[in-house]
Amino acid sequence: MSLRSFFRLFVHTQMMPILESGEETLVGGQAVIEGVMMRAPHSYCVAVRKPNGEIVTEQMPLARMSEKYPIFKYPVFRGVGTLCQAMMLGLKALRFSANASLATDEKANEKPKELSGFAIGLNLVFSLGFFIFLYKFVPLYLVTNLEKWYPVLHGRIAFNAADGIIRMAIFLAFLYLVSRMKDIRRVFEYHGAEHKVVFNFESGHPVTVETAQTFTTFHPRCGTSFLLVVMIVSMVVYTLIPFESFALKLLSRVVLLPVITGLSYELIRFAARRRGGFLATLTAPGLWLQRITTKPPANEQTAVAICALENAMALEESQGGELVIA
């Protein structure tokens, strides 16, 4: 894998939590390289358009985490299970889309290159390390040093509020910078296509390119909204941790990631069922931020999202699945 390809895959991996949406009983999806992955409760399909116009797909049955492991049926745990499955499935879809992209660069008489499991694993480890460094270590390090100059930060509430504000600023800056990349802008267009098609499906109207294009690209179950809620919840949770040393604070931030993820999932879930309340207001900034993470798609991109949905639903129906639209 070339350095450019590794960097491209790394950026897409960092974007995965933002580009992913959906929960176990609903249709959801994720934008990938020149395509969209759509999932139903028991199936998924990833559709990718090659430069020659051909759409290639991969679909497979998908067991719910709560069916495989009963503990993920319970509050907080179900959020962790849902996110873990979404990330694993997202990596699988990303690898398929990357391989489809690589295949177009090969001559007709040559075997298409594919990303190895080692390359994907290395990218994942690097991405996780980068995430911990950028969003855990850097904010904590900066506030710890600022505390020496500004005594007001000695209090736990002020310290963690400053830590959270810096984390959000880093997130927004990173998001803005990558949004300037041509590849990522294309992904954001496919992200918009995924949202439009999901809205079309949830409306009960026949899913067509023309109908889907009439819907907005801003969806309340988007991973963008989820990440912002995670950052807000983390500020509250960190305030409750009594550790004083830098090392213990950093360790707690890493160890508590599953807890914060589960709590954030429950807040999003609760807000989605009680729109108009305080919690819905809490998730509103995520919808505003989707002005960056989603872009109006072309008809050809929307058609790819519809292809992914139709194949996922066909496989769902063949297994006797029943979808609950909420």
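Some observations on this one:
- Of the residues SER225, SER264, SER252, the single one that is modelled with pLDDT of 90 or more and out of contact with any Lys or Arg (no Cβ under 8 Å at 6 or more places or on another chain) is SER252.
- For the range 59-88, taking the residues that are of a type in the set (D, E, K, R) and either buried (at least 19 other Cβ atoms within 10 Å of the Cβ) or without any contact (Cβ under 8 Å) to a residue 24 or more places away in the chain (or both), the one that is nearest to HIS191 (Cα to Cα) is identified as ARG78.
- Residue in the range 153-167 that is modelled with pLDDT under 85 and not aliphatic (A, V, I, L, M) present: no
- Scanning the range 161-186 for residues that are exposed (fewer than 12 other Cβ atoms within 10 Å of the Cβ) and in contact (Cβ under 8 Å) with a residue 40 or more places away in the chain turns up just one, TYR176.
- Selection from the range 281-315 of residues that are in contact with a Ser or Thr (Cβ under 6 Å, 6 or more places away or on another chain) and under 23 Å from THR57 (Cα atoms): THR294, ASN311, ALA312, LEU315
- Residue list for the range 231-245, restricted to those being closer than 13 Å to ILE165 by Cβ, modelled with pLDDT under 90 and of a type outside the set (Val, Ile, Thr): MET231
- Residue that is surrounded by the fewest Cβ atoms within 10 Å (Cβ to Cβ) [pool: residues in the range 203-215 that are assigned to a loop (DSSP other than H, G, I, E, B) and either hydrophobic (A, V, I, L, M, F, W, C) or modelled with pLDDT of 90 or more (or both)]: PRO206
- Scanning the range 87-124 for residues that are closer than 23 Å to ALA312 by Cα, among the polar types (S, T, N, Q) and at pLDDT 80 or above turns up SER97, ASN99.
The values are calculated or read from the model by the stated rules, or taken from the named source; none is laboratory data. Just so it is clear, the structure is predicted and the values come from calculations on it, not from any experiment. Note that we place each Cβ from the backbone using ideal geometry, even for glycine, and neighbour counts take in every protein chain shown.
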